[in-house]
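Derivation of every value follows stated rules applied to the coordinates shown; laboratory data play no part. No experiment lies behind these values; they were computed from the predicted model shown. Heads up, the Cβs are rebuilt from the backbone with ideal geometry, glycines too, and the neighbour counts pull from every protein chain shown.
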C-alpha cells in the first residue's frame with residue numbers, strides 16, 4: 001500500500017551511483033526512465049509487495065532500507081536479505097514472469113522508484129551492458145543464497161546469531177562511535193535473520209554480553225570485540 005506520492009526525482013541526477021540502472025544507461029535513456037516511473041514513500045513496517053503476488057514492475061530504492069522475508073511452514077518469518085539504497089527489488093520474479101517468492105517490507109521510512117515492467121524489459125533487450133549487469137546480479141544473488149543456506153544449515157546457534165549481527169552491521173553500518181550498530185531491531189527480527197526463535201536470540205545475546213563481545217542498551221547493540229564476533233561467526237568463504 002502506497003502511503004504518499006511526491007514528484008519523482010530525475011534518474012540522471014540520482015546519487016545512488018552503485019545502481020546497475022545508473023551504471024548502464026546514458027542520460028537520454030535515464031531521462032526516458034524518469035518519464036515513465038513513479039516515486040513512492042513507504043513508512044516503517046509498510047509492505048512493498050507480498051509473497052505470491054504477480055510482479056508488474058521493478059522497485060529501485062532511493063533511500064531507506066528494506067527487508068526481503070519469507071513466511072515459513074510454521075508461521076515463522078525468515079529474513080532472506082536486506083536491501084540498501086541503489087538496490088533493486090522484485091527483479092527475479094519480474095524476469096522469470098513468476099509470482100514473488102518472498103515479501104518486502106520497509107525497515108524505516110523508505111523512498112522507492114517504481115519502473116513499469118515493459119520499460120525495464122525493453123531496456124534489457126536493447127542495452128547490452130544492462131543485460132550483462134543484470135545477469136551478474138542474478139548470479140551473485142544465487143551464490144550468496146547458496147552460501148547463506150550452507151552456513152546456516154550447518155552452524156550452531158551461537159554462530160548463527162554472530163553472523164546475523166555482522167549481516168545487520170553490514171547493512172546499516174555503525175554510529176559515530178564506530179561500535180554501535182546504526183539500527184534498532186527487535187530480538188525477533190534478529191532471530192528472523194539467524195533463523196532461530198526469539199527466546200533463543202535473547203538468551204544468546206545475553207551470553208555475548210556476559211562474554212563482553214557486545215553491549216546491550218535497550219534495542220541498541222554495541223560491538224565491543226569485533227574480531228571475536230567475526231571469529232565466532234565462522235563464516236565459510
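What are the residues in segment 227-237 that are in a helix (DSSP H, G or I) and under 10 Å from residue 162 (Cα atoms), if any?
228, 229, 230, 231, 232, 233
Taking only segment 189-221 into account, find how many residues are in a helix (DSSP H, G or I) and in contact with a strand residue (DSSP E or B) (Cβ under 6 Å, 6 or more places away or on another chain).
Qualifying residue count, segment 189-221: 4.
Can you name the residue in segment 167-188 that is in contact with a strand residue (DSSP E or B) (Cβ under 9 Å, 6 or more places away or on another chain) and in a helix (DSSP H, G or I) and, of all such residues, is surrounded by the fewest Cβ atoms within 10 Å (Cβ to Cβ)?
170
Might you check whether a residue that is within 16 Å of the chain's Cα centre (by Cα) and surrounded by fewer than 15 Cβ atoms within 10 Å (Cβ to Cβ) occurs anywhere in segment 189-199?
no
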